[in-house]
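Notes follow once the structure below has been shown.
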Amino acid sequence: MQKQFLFVMLLALFVNCMPMFSEEYSHNFRTKDFQQGMKTVDGVVEWTLDTDGPLAGIDDPKLHCGTTDKAISYLTLSTSSIKGEISSVSVVADCAQRQTATLEVKVGEKVFTYLDEPRGVVRANDKADTLFDFRGSSSGEISIKLSYAKKTKNALYIGKVVITYNDGTEEVIRLDEAVDNSTAITKAVSNGKQAVELHRTLSPDYWNTFCVPFAISADAINSTFGGAEIREFSGRVEGGVMIFTKTDSIKAGTPYLVKLVTRVENPKFVDVPITEVQPSAVQDETGLYAFVGIYSPYKLKTDGTEQFLGNGDYLKIPESEERATMNGMRAYFRLLVKQDGSGAKISIIDSTTTDISQLAISPGKTRKGVYTINGQHVGQSLQGLPQGIYIVDGHKIAIK
């Protein structure tokens, strides 16, 4: 007479960062799982054991059916509790010494294959567990059958079972400012729209440099950031000043300056396709001035040719090699121009400005009074001066 044992166990889900964005269920079966029949647990996977042999080896680390006294021809484990598209079912299986068994896996109406064959051949292995990795694509009831060609007084064993599947829930790609994101970005490029979470903080107290491998619409900026000012480098340089212009959206791979109205930590964007594997550098026509995006941590040069936007919106040179690494999803300034002692002749100006705007520069050896960008002293105030850019007490001022 056939015996049926019902086992209900907790479903453990583990999210994998695999290209298929699958989830994984894993359980190591033991005989005592079925000793008391059915159990009920919240969030369950319900397994049914069907066998024509006896349960044995209650303390064994595997499910053990059949003995040298009571014959067995098969055991089958089945479940309908795992929803979604199944892509692989891996099984640790074993049998008695000097015996050969057959292992088969079926999902719904689909027979999964092991090494392109519809079944795996199981032989006794005392030294190590043998893992049979069955592949396919189907949904529905999962059936794992281990059998002998005929009923025999010997044992059959099933240990660990690992099932990979996609249940259709949203998979989140996480890009972390502190790690190399190149592999994650490359893998995600061909996967269409997806959810992306940035592990970084953006402050409302200063301009944040910002560069990501996906585009962000104006609506998404408002909904995710709660509103923000955005500036992009126009590629124009006037009197040593890099001109940044206003925009309301973000292009993939392009560096920007972003100023928020409130602090935002680890922003998440939904339904965005990752399209740019490499960040870009936006430069002027001479190639001497550039705004360079990065996705992963980057070590800046300390010779003054690569500067970052620091506290107070100053352009700064790294203090040392040890403190020269910039976190990812940001941008730096590449300046292949000679700079004098008044500080970097580089700054940020919004082209929509119509009157005097104070622009932050690197604090260097400041000189009191008003100077032209060539260093000529022209007085103590801006009153009566023609349009242009001046250094006033160490700060760059534009009169437009």
Summing +1 per Lys or Arg and -1 per Asp or Glu among the other residues with Cβ less than 9 Å from Thr164's Cβ gives -2
Region 223-291: GluC sites (Glu not before Pro) in DSSP coil with no more than 15 other Cβ atoms inside 10 Å
Glu285
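Round to the nearest 0.05 the FRET efficiency obtained for Ser80 and Gln36 when R0 = 22 Å and r is the Cβ-Cβ distance. Present the calculation step by step, with values, prior to reporting the outcome.
Working: r = 21 Å, r/R0 = 0.97.
The computed FRET efficiency comes out at 0.55.
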Take the alpha-carbon centre of region 65-91, take the same for region 144-221, and report the distance between them in whole Å.
29
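Take the Cβ-Cβ distance between Val44 and Thr302 as r, set R0 to 51 Å, and report the resulting FRET efficiency rounded to the nearest 0.05.
Details: r = 59 Å, r/R0 = 1.15.
Taking R0 as 51 Å, the efficiency between Val44 and Thr302 is 0.30.
Leaving ligands, DNA and RNA out of it, report the carbon-plus-sulfur percent of the accessible area of region 73-131 at a 1.4 Å probe. Let's see the in-between values first.
Working: 1390 of 3090 Å².
Roughly 45 percent of what the probe reaches on region 73-131 is carbon or sulfur.
Please give the contour-minus-distance gain from Thr275 to Thr247: 0.36 nm per residue of separation, less the Cα-Cα distance, rounded to one decimal in nm.
Details: separation 28, 0.36 × 28 = 10.08 nm, distance 2.03 nm.
Once the chain is fully extended between Thr275 and Thr247, it gains 8.1 nm.
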Neighbour net charge for Asp59 - beta-carbon separation under 14 angstrom, K R +1, D E -1:
+1
Work out, step by step, the length gained on full extension between Lys193 and Lys316: first 0.36 nm times the residue separation, then minus their alpha carbon distance; give nm to one decimal.
40.6 nm
Above-threshold pairs, the threshold being 22 Å between Cα atoms, out of Lys110/Lys145; Lys32/Lys150; Lys187/Lys299; Lys83/Lys145; Lys251/Lys301; Lys62/Lys110
Lys32/Lys150; Lys187/Lys299; Lys251/Lys301; Lys62/Lys110
Extension reserve of the Leu336-Asn125 stretch, reckoned as 0.36 nm per residue once the Cα distance is removed:
69.3 nm
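With Cβ to Cβ distances under 12 Å as the rule, what net charge do the other residues near Thr186 carry (K, R +1; D, E -1)? Before the final figure, lay out the partial values.
Details: positive: Lys187; negative: Asp180, Glu276.
Its environment carries a net charge of -1.
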Arrange the peptides 101-108, 59-66 so that the one whose residues have, on average, the most other Cβ atoms within 10 Å appears first.
101-108, 59-66
Simple SL model, points at 7 angstrom along Cα→Cβ for Asp116 and Asp205; separation in nm is 6.3
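The values are calculated or read from the model by the stated rules, or taken from the named source; none is laboratory data. Note that the structure is a prediction, hence the values are computed from the model and not measured. With ideal geometry, Cβ positions are generated from the backbone for all residues, glycine too; neighbour counts draw on all protein chains shown. To get the accessible areas, we keep the full protein, side chains included, count just its heavy atoms, and leave off ligands, DNA and RNA. Shrake-Rupley method; radii C 1.70, N 1.55, O 1.52, S 1.80 Å.
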